[in-house]
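Input: a single structure, listed below in structure tokens.
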Number of protein chains: 2
Amino acid sequence: VVTTDTLVAGVHFDDKTPVDMLGYKSVAVSLSDLAAMGATPAWLTLAITLPEAEKAWLTLFSAGLDTCCKEFDLALVGGNISHGPLTISTQVIGKVREGQYITRAGAQVGDDIYVTGKIGEAGLGLLLQQATIPWPQALAHDKPYLLSRLHKPTPRISVGLALLPFATACIDVSDGLAADLMHTITASGVGARISFDRMPLYTSYTQVMELAGGWQHAITAGEDYELCFTCAADQRTQVMEISRQTAVTITRIGSIEAAPGLRCEFNDKEMSLDRYGYRHFE
Amino acid sequence: VVTTDTLVAGVHFDDKTPVDMLGYKSVAVSLSDLAAMGATPAWLTLAITLPEAEKAWLTLFSAGLDTCCKEFDLALVGGNISHGPLTISTQVIGKVREGQYITRAGAQVGDDIYVTGKIGEAGLGLLLQQATIPWPQALAHDKPYLLSRLHKPTPRISVGLALLPFATACIDVSDGLAADLMHTITASGVGARISFDRMPLYTSYTQVMELAGGWQHAITAGEDYELCFTCAADQRTQVMEISRQTAVTITRIGSIEAAPGLRCEFNDKEMSLDRYGYRHFE
């Protein structure tokens, strides 16, 4: 299996993004796609466009990239370097056994919907980095953690591999949970109902919710690089066992329904979403 | 085998580049790398960054990309679309039999050096597109041909496949023949002597040579996407047979020597090159 992703300066990152983290993240976002397919990472190619060849920058970037490659046993086998606006495209090739992989298209009516980790923390990290909201002084100690959730996503490779026999559909959360779940249900020809009350969130989410633009920020902000997957409802024990084995929190957030579209409950009321996630072209 | 290439607006192309040709070329430049390895094209991913999602532009671009894919039996299997400065990265995956591929690193002392097609015509096409030189009125009828050499490179897939049992090293000419031959001899740990007098050039090259900045323009301008390869000197009959079978002109331009470095003869005199080809970062 193969996947490609691009990080663009001024769109996906800015001058405040630590350069080593940028190197790490450029690989991690592509690995996250492999995780969603239940694939084992194998090879990486890098196509980078740079305004200038600055040694200090390249050293930091390479170090971060190398760290992520080593962590996931990924070999950088080639690439391309061009002069131009800073743009980083990674292409990752992974291995699956014939016929053994997960797609977005297999969700069935009655399936449970799960997410790994916590949702919306990278989005809060972005608000912190942009310094556009007055962050509560009482939560100042959480800043480094939330920034690390933005800068250093954790591709859930081990979870994806463990899910291979169980998940009916899987996607990684990059645009926003709502948007990515929409991709899944559209591809599967089904609908979904999720409960925001069940959503695994930043522990002090309620204290920053309004600052962040309202309750739905967590499920529309994107860049979580967590997995959102579906499993038959009789597989709950197996899913919790996978959570235990991989030491990754997995939370059941809803279920697949026949009626098309995404319904989201908050405080036990069905809410309408005014957006689903990040859109590159409005 | 896998390869990736990037075309950046303002660096590799500009507003004068026909958009359908840009789509074609973005695939062709990566296929050219496969040709140099003696590989069979299989799959393509596209990572494109666009300032805006303009339907007319996308329709033309897609049509050109699709044409090249169909021509070379290549399947577009995925990709990524981002908002940002216009940048096009293609990643092509090709197939080779185990151990049967050509690299840059196998050139042996005494080998012949060959090129396919004509060298320097894309470079002249670029000068025409930029309209920076007063093109002779008498050669006006060659403009469309030279522009097509710039806009629509021909990946030499069939030649690469035919060369598999014979070539000791191969590279595609993207940065400039001199630069790419330098890559080959450096990787092979040898040197080379080529004769500019043997070089297959635009038929009226002598009439535009000075306008283009001197005799060496053809071998330093780049973007030919022809193959430059080496073969043992006792394989000349086989190479000419490959030329006949593939209907691609193949010209012997020099030979591999033990002494490191590239030597180029012009009018039977050894000349020094003040540059080898395009450099992204000076």
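List of remarks:
- The A:H141 and A:D15 beta-carbon pair, evaluated with R₀ = 30 Å, returns a calculated FRET efficiency of approximately 0.75.
- Relative contact order for the range B:28-149, counting Cα pairs under 8 Å that sit 6 or more residues apart, in percent: 31
- Loop-resident trypsin sites (Lys or Arg not before Pro) (DSSP state other than H, G, I, E or B) in the range A:1-72 with no more than 12 further Cβ atoms inside 10 Å of their Cβ: A:K16.
- Placing a label point 7 Å from the Cα of A:T132 along the Cα-to-Cβ direction, the residues of the range A:243-282 whose backbone N falls under 19 Å of that point are A:274-282.
- With every protein chain in place, the protein assembly as shown: carbon and sulfur % of accessible area (1.4 Å): 52
- Position B:K55: other-copy label points at 5.3 nm, ordered by increasing distance, label point 7 Å along Cα→C-beta.
- Straight-distance crosslink candidates among aspartates and glutamates, where the alpha carbon sits under 17 Å from B:K143 and sequence neighbours closer than 8 are dropped: B:E121, B:E223, B:D224
- Rounded to 5, percent antiparallel among DSSP beta bridges of the protein assembly as shown: 75
- Amide N of the range B:139-157 lying under 13 Å from the label point, which is placed 7 angstrom from the Cα of B:T203 along Cα→Cβ: B:139-143, B:145-146
- Cα-based reach from B:K95 at 13 Å (exclusive), listing aspartates and glutamates while leaving out same-chain residues under 8 positions away: B:D33, B:D73
- Panel note: contact residues of the range A:85-118 (accessible area lowered by at least 10 Å² against the chain on its own; 1.4 Å probe) correspond to A:P85, A:T87, A:S89, A:Q91, A:I93.
- Taken over the protein assembly as shown, the convex hull of the Cα atoms encloses 162 Å³ per residue.
- For the range A:139-282, averaging the sequence separation of C-alpha pairs within contact (under 8 Å, six or more residues apart) and dividing by the residue count gives a relative contact order of 40 percent.
- Mean-position separation - Cα centroids, the range B:54-131 and the range A:211-259, in angstrom: 41
- Counting only protein heavy atoms and a 1.4 Å probe, the range A:29-104 has 46 square angstrom of accessible area per residue.
- The alpha-carbon of A:K25 sits under 16 angstrom from the alpha-carbons of these lysines, leaving out residues fewer than 8 places away in its chain: A:K16, A:K70, A:K152.
- Extending 7 Å from the Cα toward the beta-carbon at both B:T249 and A:S272 defines two label points whose distance is 6.8 nm.
- Using a 7 Å Cα-to-Cβ projection, A:I81 label spacings across copies, nm, ascending: 3.2
- Residues in the range B:263-282 that a label on A:I81 would reach, taking backbone N under 16 Å of a point 7 Å out along Cα→Cβ: B:277-282
- For the set A:R193, B:R97, B:R198, A:R156, solvent exposure ranked by accessible area (probe 1.4 Å, protein chains only) runs largest to smallest as B:R97, B:R198, A:R193, A:R156.
- For A:G189, inter-copy label distances in nm, listed shortest first [label point 7 Å out on the Cα-Cβ vector]: 6.0
- Legend: mean number of C-beta atoms from other chains within 10 angstrom of residue C-beta atoms, peptide B:4-11, equals 6.
- Counting only DSSP beta bridges with both residues in chain B, the antiparallel share comes to about 75 percent.
- Helical runs (DSSP H, four residues minimum) scored at -39500 (n - 2.57) apiece and divided by the length of the protein assembly as shown put the mean residue ellipticity at 222 nm at -10000 deg cm²/dmol.
- Under a Gaussian network description of chain B, with springs only between Cα atoms under 10 Å, the residue in B:D175, B:D20, B:D73 that fluctuates furthest is B:D73.
The values are calculated or read from the model by the stated rules, or taken from the named source; none is laboratory data. Fair warning: this is a prediction, and the values are worked out from it, not measured in the lab. Neighbour counts are summed over all protein chains in view; Cβ atoms, including those assigned to glycine, are modelled from backbone coordinates with ideal geometry. Areas reflect the complete protein model, heavy atoms only, side chains present, ligands, DNA and RNA absent. Shrake-Rupley method; radii C 1.70, N 1.55, O 1.52, S 1.80 Å.
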